[in-house]
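Step one of this worksheet: look at the structure below.
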Amino acid sequence: MGNAMPLVCWFEEVNKDSVPLVGGKCSSLGELINAGVRVPPGFALTTHGYAQFMRDAGIQSEVNGLLDGLDHQDMDKLEDASRTIREMIESRPISIELEDLIAESYRKLSVRSCIPAVPVAVRSSATAEDLPGASFAGQQDTYLWVRGVDSVMHHVRRCISSLYTGRAIAYRMKMGFPHEQVAISVGIQKMANSFTAGVMFTIHPTNGDRSVIVIDSNFGFGESVVSGEVTPDHFVVNKVALDILERTISNKTVAYTVDRKEQKSIATEVPFERQNVQSIIDDEITELAWMGKQIEKHYGRPMDIEWAIDKDLPAGGNIFILQARPETIWSDKPKAPATSAATSAMDYIVSSLIAGKRLS
Amino acid sequence: MKFPVPHDVKAATIPGTEGWERMYPYQYQFVTDDPERNKYEKESFWFYDGLHYPEPLYPFDTIWDEAWFLALSQFNNRIFQVPPVRGVDHRMINGYVYISPVPVKDGAEIGSRVPNFMERAGYYYKNWDALEAKWKVKMEATIKELEDLKISPLPDLEDISVVNDAVGESKGYHLIKNYDDLINLGIKCWQYHFEFLNLGYAAYVFFMDFTQKLFPSIPLQRITQMISGIDVIMYKPDDELKELAKKAVALGVDQAVAGNRDWVAVKAAVEKLPKGAEWLAAFEKARYPWFNISTGTGWFHTDRSWNDTLDIPLSGIQTYIGKIKAGVSIDRPVEAVRAERDRITAEYRALITNEADLKQFDELLGCAKTVFPYVENHLFYVEHWFHSVFWNKMREVAAILKDHGMIKEIEDVWYLRRDEIKQALWDVVTAWATGVTPRGTFTWPPEIEWRKGVMEKFRQWSAPPAIGIAPEVIQEPFTIVLWGVTNKSLADWASVQDAGDPDKITELKGFAGSPGIVEGRARVCRSAQDIRDLLEGEILVAPTTSPSWAPAFAKIKACVTDVGGVMSHAAIVCREYGMPAVVGTGHSTKVIKTGMMLRVDGSSGAITITR
């Protein structure tokens, strides 16, 4: 990067060490892109950009004033303050310099995508994953199918304002963390026009088996799977050989798609005749699992991955990774060894014979 | 788990079969007159060995069941002393064999058996390769003895040499003696069969077991893949056919070889060609021993060998000639198989995060690889080579019984127990010596007719998968392997039986034998004879396959079998060819008809009939 403190930067310019600059989500996308993983292109308003915004808007002192003397346990008052602050942030114009930078990047993204006013997902990307308030905000704020500069600006502000939800404020107050020191980044990423999307674990979420990849999928955007709104199709893939070991096709009633008139993401009913149809084809499952395997290899640990399959692109280049983070439930648990102490084959056979095999 | 009481199952005699018990050894019966034995039988767990015996046993064919009853139990209990288990007991209901491992119930006794087992089994594991080499020598000597055994007809007048050489023995005595020798060689061969087998199974089972502990979702086929690519002689017969195909092309006799389905006609045509004699000599050379390969499992007299039916290997040679002409390689992809084995093993190893687990895995994998060749190779020596020769020697005995009017057809001999045959031979030789008519000419033919009817009724009966009281754990290696396969299969098969009308079934379940999914047209081949009808790209549906079916795999794109587990021939060969297999489906050959469209998923073990 030419500028040591860029206000805006492309995903490919950052990597896993860029969390202070672009937050966890965006830095992870940069890391993936640089590892050769197919990720929809995009850019981030950096934490410097955020600081610049707050400075230009000149609201930090106002914000502090509103929060001064509040009790972190008085949620009603905090919510009131939160509403005022968020309205303030969302209504203040972004400085021309910042607006120009974001608009220019958005234009370039549209050119790169060969789509005028390319639809994007706007997401907050928190810098302090260990701050539950911050990560809370980060999880909350995802805006799908945002089109046009004005709308992008608007949703960037909404992401920024998510730093001041009642719960985030309360948490910082309780922890004695100064509000002016928190920072947030916002990612603006080309939307995959997903026919199918979902999540993938490179470890079995129920038994911790590292030799499988588990994929959940539904039609449309991945939100229906992530939020748990539908029972998705479920596949267990052998990580070593990449063949499908189990497949469960569910009755999928709801999917998120684009309302073409309104140009926004909406929940719709899946047409009856498609509800019980497998939402991802076998070849895609194999390719996706292969990608999951590469990502795990890159990070050196089991991963939790969001993905989408773009309906506008041909097979072989249409599967995208939207998010990848380390799996924590099993990976952080010390794995109980299958054997107490390694013995000779003979000793193992004798002790196993004596233990016997349960009838099932 | 509680299953039906054995004695209740037996008591419900199929009408018209009353008295069937006399067709089998008396100790195979569940009893009610001996309270102590009755109690033991009721409290034990018996399961139907459907993997080995898909059909009721002919009285004579019971010989191999008795042979392994003795052999397995003695090695377990009297030779190696497997700590927690004695032998495996056998019973029979309506011609179906039930087996039951006999546990050592006293903990102290189990403990006292451990040092013996460690010493004795340890000796075998440690010296496996050297002992296996010895085994091969013993086995080949036994087979040689069998091949040299002469079953001669009884002459009206003994040859003059009997007088001149002062032999002092008659052909009548020789017949009795040679029949005894024949039977004893069979029993001996099965002694050897189990010398290594249970130790091999134990190494195998616990390697699988450990790997499944590490990776709960690992398919069994992937575990077996880690032991694939090791040279085993079961491929040899097929390799011989490939060589003969290459040679036919090289010598320019391929058109004549491929010109007719009938071996006699082909032979006549090839003989006329300038280099025909050279090819025929190579063919004859390949036959011994490699065409002593059974077209079935070899367990039953109905399983004929390539040598018995030369049209079958001929059709294999013809398939390969076709491939060579089309410029397709017919060599087994051994290098690719080994590379894939090594890749898979390395990737799974890399997923083991714990040092102790890694060491244990390596130990057990090494042991499984050591035992693998025996676990495969014994089949060729015993079930294929020995048995194929043995059944034909028995047919020579039967021919003599037929000559003397004891049985109507040679193939009637299988309806007699082997001790009944001995009695019948005594009847024959004494009557022959004396110059009178054997008593059996009057008694055996109607008895055999009756037995044929009984067997027919037995075939209609469906044997309950298990009877008696199940223990919590099974500790006998052979039983673990067998029950593991049997239990799951029987559950899947039962669901098909419940479905009733086979024409309405659209889904079949079996073991995921070899991964991948294909769709294609079914070709049902009930015997090796049928495989010559296979067309390129069809899906083979067979009761089971054996090495003698190998040429079929060059034509098909998937395989489905009724019987077998992930270590069955069909599964192993399909993995080598990289095509899907679903094995042990129970009913495929009954449900699926030639020409039906199938979707075979060898990764999940599902077959969909799209019709």
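The spread of Cα positions in the protein assembly as shown, taken along each principal axis and listed from longest to shortest, comes to 130, 73, 53 Å. Each Cα pair of region B:84-180 feeds into the Kirkwood radius, which the Stokes-Einstein equation turns, at 20 °C and 1.002 mPa s, into a diffusion coefficient of 112 µm²/s.
Residue-wise HN-Hα couplings along region A:221-226, as the Karplus relation 6.51 cos²θ - 1.76 cosθ + 1.60 with θ = phi - 60° gives them from phi, are 5, x, 4, 5, 7, 4 Hz; Gly and Pro carry x. Eigenvalues of the alpha-carbon gyration tensor of chain B, scaled by 5 and square-rooted, set the equivalent ellipsoid semi-axes at 37, 34, 26 angstrom, largest first. Working note: 222 nm ellipticity from helices only, DSSP H runs with n ≥ 4, each -39,500 (n - 2.57), summed and divided by the residues of the protein assembly as shown, gives -15000 deg cm²/dmol to the nearest 500. Peptide B:604-611 has a mean shielding of 1, counted as Cβ atoms of other protein chains within 10 Å of each residue's Cβ. Summary of packing: across the peptides A:116-122, B:267-273, A:172-178, the per-residue average of other C-beta atoms within 10 Å ranks them, highest first, as A:116-122, B:267-273, A:172-178.
Loop-located GluC sites (Glu not before Pro) in region B:499-539 (DSSP state not H, G, I, E or B) with no more than 14 neighbouring Cβ atoms inside 10 Å: B:Glu536. Which whole-number percentage describes the relative contact order of chain A, with Cα contacts under 8 Å and a sequence gap of 6 or more? The normalised contact order for chain A reaches 15 percent.
Couplings 3J(HN,Hα) of region B:5-15, computed from phi: 6, x, 5, 5, 4, 5, 5, 7, 4, 5, x Hz, in residue order, whole Hz [Karplus 6.51 cos²θ - 1.76 cosθ + 1.60, θ = phi - 60°; x for Gly and Pro]. Scanning residues 5 or more positions from B:Gln475 or on other chains, those with amide H under 5 Å from its amide H are A:Lys357, with H placed 1.01 Å from N in the peptide plane. When Rg and the Kirkwood Rh are both derived from Cα coordinates, the Rg/Rh ratio for region A:38-197 amounts to 1.00.
Assuming a viscosity of 1.306 mPa s and a temperature of 10 °C, what translational diffusion coefficient in µm² per second does Stokes-Einstein assign to region B:138-207, Rh being the Kirkwood radius over Cα pairs? For the chosen part, D equals 106 µm²/s.
Per residue of B:362-368, other chain Cβ atoms within 10 Å of the residue Cβ number 4 on average. For region B:73-203, the relative contact order works out to 20 percent when only alpha carbon pairs closer than 8 Å and six or more residues apart are counted. Simple spin-label estimate for B:Val264 and A:Lys16 gives 7.6 nm between the two label positions (7 Å along the Cα-to-Cβ direction from each Cα).
With N the number of residues in region A:194-326, Rg(Cα) / (2.2 N^0.38 Å) evaluates to 1.02.
Shielding value for B:207-219 is 6, the average number of Cβ atoms from other chains within 10 Å of each residue's Cβ. Across region B:168-176, coupling constants 3J(HN,Hα) worked out from phi with the 6.51/-1.76/1.60 Karplus curve, θ = phi - 60°, read x, 9, 9, 5, x, 4, 4, 4, 4 Hz, and Gly and Pro carry x. Pairwise Cα separations in region B:233-334 fall into 5 Å bins from 0 onward with the following percentages, short to long: 2, 14, 24, 25, 19, 11, 5, 1, 0. Here is the tail figure for region A:209-271: Cα pairs spaced more than 16 Å apart come to 52 percent of all pairs.
Here B:His174, B:His378 are placed in order of increasing Cβ neighbour count within 10 Å, fewest first, which gives B:His174, B:His378.
Just so you know, all these numbers are worked out from the coordinates, no wet-lab data involved. The model shown is predicted, which means the values in this text are computed figures rather than measured ones. Using ideal geometry, Cβ is built from the backbone for each residue, glycine included, and neighbour counts are taken over all protein chains shown.
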